[in-house]
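To start, the structure under review is shown below, and the notes come after it.
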Amino acid sequence: MARTLTLISFITVILAALIWPADVRGQSKSYEILPAPDLWYNDVDGIRVGVRLLGQVPGTFEDGPHRLDAGFWVGTWFPDLPVSYYISYTEPIPAWSEYGSEASIQLISSIRTGYHIHGAAFNKRWQQGFDERRYREVRVLNTFEKRFDLEYAAFPRLWGTESKLLTHLNLELQDDNSLGWYSLSGSAAVQYLNELYPIASLAAIQNIPFNDYWGFRLRGFLGAAGSDADPEYLYSRSTQPSIESIESGITRAKGTIPQPWIESGNFHLAGGPNLRGYTGQDIESFTEAAGPALYKSFVSVNAEFDYPNPIGMLFRRIPYVSEFTSFGSYLFMDAGRSLESDNSTLFADAGAGFSLSLNIPDYLGKPRGFVLRYELPFWLSEPGMQDAFRLRHLFGFGAIFSF
């Protein structure tokens, strides 16, 4: 069934893109679809060849009615399901919208990398005047989801294969106070099919700059899942829950980041409790017979202290480049523990790191880029069979601090 739906959708939209009528009114089109070639890679599809399609009313620049974001791909290694797609259609609600404060209905359908999701969402944003940095957002989303092919998963034991019907509520706030910029983000969901269970998380970030080169960042995180929750919603100490990996093309399928890097325990993906020094121990547990080290609840604190470095100071002096690129150096500390009574150990780590950030914000000012990190967690409170003080090397992708 999934193959049939995918093939029909692929053929329909490709034909539509090729023969879409100009619908000329005077000298202007009433709607346009902008195609762009797309190449990607994972260890199941091989090189994935496709096309990305953006549909919009001309001149609205991602901020008008009838917005379409779609992609269609064919895997050159021709796996069991070689054709994959993603479609998102967004329609603003004019009566509840104004500049920077749009309300909209969104329809989503996707079958790719062994996971399918279909749903509908209501989105609402409130922005303070013309400053896109100060906003509040709420999103209500209902989805049907299923992991139907574990071959795409970097660690299959971190996934369930049951069908899921979920209602999600996501809240986000960003503003500034006397200390600096801060953000709050929360999510809650209920899964209805088979075993009913809830999932919820809350993250708060405070940025405290002293000047252009010195500063302090603080993050608090709390996550909890019901006793019957599938493993993709549970928490490891060091990284994001597996369900969040489907939100990025970098982590959606194994092999985009080479699998030996992931399995080495020296590569960290930001998110979740983010006790980065425990990445090696967590990755090792994902393949052990005893089972992965996962927790139904976890609370953590992350802190980074910025200090200047010559490369970062040079980047700041280069016109235009400094607006999108930065090179940072920092000391870090992470600490956290599970809230379960039988897992009360406090875990902590400390170290130093460097980050290279490339960010081209979208039309709402939100980050749209990537962060590469090299970190040295030199102390762990629970080192296992190793010494507590030891030089450890960790390469990372993404960051929990987005300011």
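Quick notes
- Rg over Rh for the stretch 204-286 works out to 1.04, both radii taken from alpha-carbon positions and Rh defined as the Kirkwood radius.
- At 1.002 mPa s and 20 °C, Stokes D of the chain from Kirkwood alpha-carbon radius, µm² per second: 93
- Surface share of carbon and sulfur [accessible, 1.4 angstrom probe, percent] for the chain: 63
- In Hz, Karplus ³J(HN,Hα) per residue of the stretch 100-110 (6.51, -1.76, 1.60; θ = phi - 60°; x = Gly, Pro): x, 9, 7, 10, 8, 10, 10, 10, 10, 8, 8
- Neighbour-limited loop hits for GluC sites (Glu not before Pro), the stretch 50-120 (at most 14 other Cβ within 10 Å; DSSP other than H, G, I, E, B): 62
- Share of alpha-carbon pairs per 5 Å distance bin for the stretch 155-293, given as whole %: 2, 9, 15, 19, 17, 15, 12, 6, 3, 1, 0
- Under 14 Å, Cβ to Cβ, from residue 144 - net charge with Lys/Arg +1 and Asp/Glu -1: +1
- Put simply, the Cα atoms of the stretch 216-365 extend 53, 33, 32 Å along their principal axes, the longest span coming first.
- Per residue solvent-accessible surface (Å²) - the chain, probe of 1.4 Å: 51
- Reach of residue 296 by Cα under 27 Å, taken over lysines that are not fewer than 8 positions away in the same chain: 146, 164, 254
- GNM on the chain, alpha-carbon springs under 10 angstrom: the most fluctuating residue among 243, 360, 111 is 360.
- Segment residue 68-residue 325, length gained on full extension (0.36 nm per residue, minus Cα span): 89.6 nm
- Dipole magnitude for the chain: about 520 debye, using +1 per Lys or Arg Cβ and -1 per Asp or Glu Cβ, origin at the Cα centre.
- Per residue, the average separation of C-alpha pairs within less than 8 Å and at least 6 apart gives the chain a relative contact order of 9 percent.
- In a simple Cβ point-charge model (Lys, Arg +1; Asp, Glu -1; nothing else charged), the stretch 112-242 has a dipole of about 120 debye relative to its Cα centre.
- Only helices enter the 222 nm calculation for the chain: every DSSP H run of n ≥ 4 contributes -39,500 (n - 2.57), and dividing by all residues gives -3000 deg cm²/dmol, rounded to 500.
The values are calculated or read from the model by the stated rules, or taken from the named source; none is laboratory data. Worth saying up front: this structure is predicted, and the values here are computed from it rather than measured. In this analysis, Cβ positions are derived from the backbone assuming ideal geometry, glycine residues included, and neighbour counts consider all displayed protein chains. What goes into the accessible areas is simple: the full protein's heavy atoms, side chains included, and nothing from ligands, DNA or RNA. Shrake-Rupley method; radii C 1.70, N 1.55, O 1.52, S 1.80 Å.
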